[in-house]
Amino acid sequence: MLNIGIDLGGTGIKAGLVDERGNILYKLSCPTLVERGHEAVIHDMAQLSLRVIAESGHDLSEVSSIGIGIPGIMDQATGVVPFCTNLAWHNVPLVKLMQQEIDKPVYVNNDATVAGLAESVAGVSAGSRSSVFVTLGTGVGGGVILDGKVFMGEHGVATEIGHMITVAGGELCTCGNRGCWERYASATAIIREGRRFCEAHPDCPLAREVGGDLSKIEARTVIDLAKAGDPDCVSLFDNYCYHLTVGIVNLINMYDPEIIALGGGVSKTGQFLLDKVNALLPEMIFFKDMPHARIELARLSNDAGIIGAAMLGAQEG
Ligand code: BGC
């Protein structure tokens, strides 16, 4: 049987047709355009899924379920998304609205949780009993696998690791709190700090790199200049890595997993990122004389969200 996996993000929707072995047979994407409201977004998810099936040469009758990874939390008992800060959704009956468009079982879970599930089955943490997957993108999300099972906590919010407060009274978060880890460890944080630096130093190499148009600064712009040795960007990126490591240490102290897998856009920085985190970790870890989690880069890249979402249905079936 085949399953549809949908990765619903703040900027884009990706849908793929996935076989039993976790191979993506065909995939498509479209912009989310959140401001149109949830009905339009859900309609587009359904249309994209139907196009994926048709254009891949398959038929809806071959599809057993639709899995969706959302950048927020899901009430499994009601099928309602109570709160999704990145989509500005409140109490959206996602399962019901999706089934009105496509009459198939619909399974929903957090985007990072499904990506962590995919990594634990077919990616970097395959074969390990416990892992924490951390996505470093627009926000920071988590997928916690303990004793081989997805851990969601008593109320389904245990993996909202991006909203652990690591800087009390710090930057205002989209969730309304201050000092959430994702304000410091996301790609958004690198962009914000890069822009702030340029405002204070309009002649710096980073500002020149974007021709003075600070809206063009991406996380990659700062990271590339840091890799090239620009002292300002090295210091911006070192500060980012410090905050990233603070959260990683907290996760190690809380869960003591075998692996912490870093995914999402910033993880594409690769060894340059790993080296900095690994250099900071020993001093900050609690049990200094004991072995601790390996920090690894996720392997399934951008497809983890689709594969993991499709796995939700495959696991039920
Ligand atoms: C959300 C998480 C999500 C993460 C990555 C966070 O802001 O609260 O639910 O997994 O962003 O998209």
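Taking the Cβ of each residue in Glu55, Glu182, Glu160, Glu218 as the centre, tally the other Cβ atoms inside 10 Å and list the residues starting with the fewest.
Fewest-to-most Cβ neighbours within 10 Å comes out as Glu55, Glu218, Glu160, Glu182.
Once you compute Rg and the Kirkwood Rh from C-alpha atoms, what is the Rg to Rh ratio for the chain?
Taking Rh as the inverse mean 1/r over Cα pairs, Rg/Rh reads 0.98.
Ordered by residue, what ³J(HN,Hα) values in Hz, to whole numbers, does the stretch 196-206 give under the Karplus form 6.51 cos²θ - 1.76 cosθ + 1.60, where θ = phi - 60° and Gly and Pro are x?
Karplus values, whole Hz, x for Gly and Pro: 4, 4, 5, 4, 7, 9, x, 9, 6, x, 5.
Please list, short to long, the whole-number percent of alpha-carbon pairs of the stretch 124-194 in consecutive 5 angstrom bins beginning at zero.
4, 17, 22, 21, 16, 11, 7, 2
For the stretch 155-241, what class follows from the C-alpha gyration tensor (a ≥ b ≥ c being the square roots of its eigenvalues): rounded when a/c is under 1.5, otherwise prolate if a/b is larger than b/c, else oblate?
Prolate, since a/c reaches 1.5 and a/b exceeds b/c.
Give me Met152, Met98, Met1 ranked fewest to most by other Cβ atoms within 10 Å of their Cβ, as a rough exposure proxy.
Met1, Met152, Met98
Can you show me the helix-derived [θ] at 222 nm for the chain, built from DSSP H runs with n ≥ 4 at -39,500 (n - 2.57) apiece and divided by the number of residues, rounded to the nearest 500.
-12000 deg cm²/dmol
Step through the residues of the stretch 209-219 one at a time and calculate ³J(HN,Hα) from phi using the Karplus curve (6.51 cos²θ - 1.76 cosθ + 1.60, θ = phi - 60°), rounding each to whole Hz and writing x for Gly and Pro.
For the stretch 209-219, the Karplus curve yields 4, 9, x, x, 8, 5, 5, 8, 6, 10, 4 Hz.
In straight Cα distance, which lysines are under 23 Å from Lys96, not counting same-chain residues fewer than 8 positions off?
Lys14, Lys104
As a test of the definition: which semi-axes, in Å, follow for the stretch 23-143 when you take the square root of five times each eigenvalue of its alpha carbon gyration tensor? Largest first, please.
23, 20, 14
Could you list Lys268, Lys227 in order of exposure, starting from the residue whose Cβ has the fewest other Cβ atoms within 10 Å?
By the 10 Å Cβ count, ascending: Lys227, Lys268.
Taking 0.36 nm per residue of sequence separation and subtracting the Cα-Cα distance, how much length would be gained by fully extending the chain between Lys227 and Phe286, in nm to one decimal?
18.2 nm
With r defined as the distance between the Cβ atoms of Gln100 and Arg299 and R0 fixed at 35 Å, what FRET efficiency is calculated, to the nearest 0.05?
Given R0 = 35 Å and the Cβ-Cβ separation, E is 0.45.
Just from the alpha-carbon atoms, what are the Rg and Dmax of the stretch 65-219 in angstroms?
18.4, 58
What is the extension gain from Glu171 to Val234, computed as 0.36 nm multiplied by their sequence separation minus the C-alpha to C-alpha distance, in nm to one decimal?
20.5 nm
The numbers here are math on the coordinates, done by the rules we state, and not lab data. Note that the structure is predicted; figures quoted are calculated from it, not measured. Here Cβ is always computed from backbone atoms with ideal geometry, including for glycine, and neighbour counts include all displayed protein chains.
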